1. Does any residue in the stretch 294-311 that is more than 13 Å from residue 263 (Cβ to Cβ) come within less than 7 Å, Cβ to Cβ, of a residue that is open to solvent by 50 Å² or more (accessible area, probe 1.4 Å) and at pLDDT 70 or above six or more places away or on a different chain, and which pairs are these?
2. In the stretch 154-176, how many residues are of a type in the set (D, E, K, R) and either within 23 Å of residue 10 (Cα to Cα) or assigned to a strand (DSSP E or B) (or both)?
3. Given (1) aliphatic (A, V, I, L, M); (2) open to solvent by less than 80 Å² (accessible area, probe 1.4 Å); (3) part of a helix (DSSP H, G or I); (4) without any contact (Cβ under 8 Å) to a residue 24 or more places away in the chain, identify the lone condition not met by residue 188.
4. Report every pair of residues separated by at least 6 positions or lying on different chains whose Cβ atoms are under 9 Å apart, first residue within the stretch 212-237 and farther than 15 Å from residue 197 by Cβ, second of a type in the set (S, T, N, Q) and surrounded by 15 or more Cβ atoms within 10 Å (Cβ to Cβ).
5. If a residue has to be farther than 22 Å from residue 249 by Cα and in contact (Cβ under 8 Å) with a residue 24 or more places away in the chain to count, how many in the stretch 195-211 make the cut?
6. Can you tell me which of (1) surrounded by 14 or more Cβ atoms within 10 Å (Cβ to Cβ); (2) touching a strand residue (DSSP E or B) at 6+ places or on another chain (Cβ under 7 Å); (3) outside any strand (DSSP E or B) is the one residue 135 doesn't meet?
7. Every residue in the stretch 191-204 that is of a type outside the set (Lys, Arg) and surrounded by 12 or more Cβ atoms within 10 Å (Cβ to Cβ), please.
8. Name the residue, out of 229, 218, that is open to solvent by less than 50 Å² (accessible area, probe 1.4 Å), touching an Asp or Glu at 6+ places or on another chain (Cβ under 7 Å) and farther than 26 Å from residue 6 by Cβ.
Amino acid sequence: MLLICSIAVMGFIQMYLAMGYFLEENGYALRATIDNAILAMNEVEHDKKAAHETFSEAAKAAEFAGLTADDIRRGITLTARAAGKSILVSDAYGNVVLAIPDDYQNTRVPMRVCDAAFSRGEYDEIGTLGGIFKSRYYIAGKPIVDNSGRLRGFVFAGASADSLTTYLGNLFSTFILSAGLMLMVSSVLSIVLTNRMTTPLRRITHAAKRFGSGDFTARVPEEGDDELAQLAETFNTMAASLEKIDQSRRSFMGNIAHELRTPMTTIKGFIDGMLDGTIPPESRDHYLEIVSEESGRLTRLIKNMLDITKLEAGEYKVNASTYDIWESITSVVFGAEQRLEANHIKIAGFAPTKTLVVADQDLVHQVLYNLTDNAIKFCNPGGEIRYSVTQTKDEVTIGVRNTGAGISPDALPFVFDRFYKEDKSRGLNTTGSGLGLHICKVLINLSGGKIRVESKEGEYCEFLFTLPAAPPASPIKSGKLKES
């Protein structure tokens, strides 16, 4: 509709301008014809004056404005024929004394027209010149004034207006043909371009509907490099993130169910065995210890899950302060002394040297506890756990390394994922919930550091994390020291 309206407005403007140009050209041609006719009469007058003595009194009586009708006719007939126009010559009162062609002879031009031509010096209109012409004409006129300023008559020239109708008809036909062709081409281009623009949007809409129905594998083809292609790329990125989140949620729910079911099944089985007499009284203490261990495992699992929920929800406020990192290491090592001795594990690298960091001491203690607990679990009997602290300008790197089987290269990228265990069986003999290392990662991120793992299968595994180093203390000026 907008395209049709635009073409209609353009056609109206074109027709208006063309008609104005046509009228201007015809007006110019009519005025040129009048000027030529007046010039022809002046030449005849000049010839007549040269041979004035030969004119008879009868001829003088028939003069119009100093010229005879025959003199004027001879002067303007060629002009009228050459221009293809109708020419009328009237006296000062509008009486037509000469007309080319003769059909308009002995007619009278209205005085209002004569007055207008005399007052303005020229006259133009589209009409019938007071009914002289039988149809509409382009009409122009000028007064004839002698050298003394006396009005001698008027010259009017006219051209049929039918030529305008023909001209506008041809122009309109040409415009309709051009507009139709342009409209057809524009329609085809509009359909192609609109389809090109709407197809990606339809694809995105379809993919969004699939998302709404729970299908997170839906993707949109990325074609081109325009805004729609960027939208498709953004949509696919969002889709991949949502799919990953959905997979993580499914895995999380499955892992929770599995981790909760294992100790609950163990506890229920042993208690039922004691109640129905399957387990003899003399063995109850042993199985009660197992039930206690599984209950503790269940308690730790629930606590870790609550800790993760609070940490990831941003409910925990970090209380960073400057303190010696070796305080946390020493506290963790002394707390694990009995387990270390029971497994005949040696401690190496334990050489406390004051190293200041800016962090939340409670969070760092939890990280070191989890890493040490993990190292003890997977260290070979009689093996070694080594601690290292390295300081650079802006950060301090803490390492906890244990000998043992290590971690396979395929498992390294996933060790910090929730509920990840390299042992997929998750049996009763596999200790831990798979949440400890994930908690370490979250805590270190909150502390403004990073954590990574290095391992060589069959030899060792080492976890390293960084913390912001405390800025150096400002030196005390000697003058102030003396004053104190």
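The values are calculated or read from the model by the stated rules, or taken from the named source; none is laboratory data. What you see is a predicted model, and the numbers here were worked out from it, not measured in a lab. Here the Cβ is made from the backbone with ideal geometry for all residues, glycine too, and neighbour counts use every protein chain on show. Ligands, DNA and RNA are stripped out before the accessible areas are found, and what is left, the full protein with its side chains, is counted by its heavy atoms. Shrake-Rupley method; radii C 1.70, N 1.55, O 1.52, S 1.80 Å.
1. 311/446
2. 0
3. (2) is the only condition that residue 188 fails.
4. If the second residue must be of a type in the set (S, T, N, Q) and surrounded by 15 or more Cβ atoms within 10 Å (Cβ to Cβ), the pairs left are 219/236; 222/236.
5. Final tally of qualifying residues: 5.
6. Condition (1) is where residue 135 drops out.
7. Passing the criteria: 197, 198, 199, 200, 201, 204.
8. It is 229.
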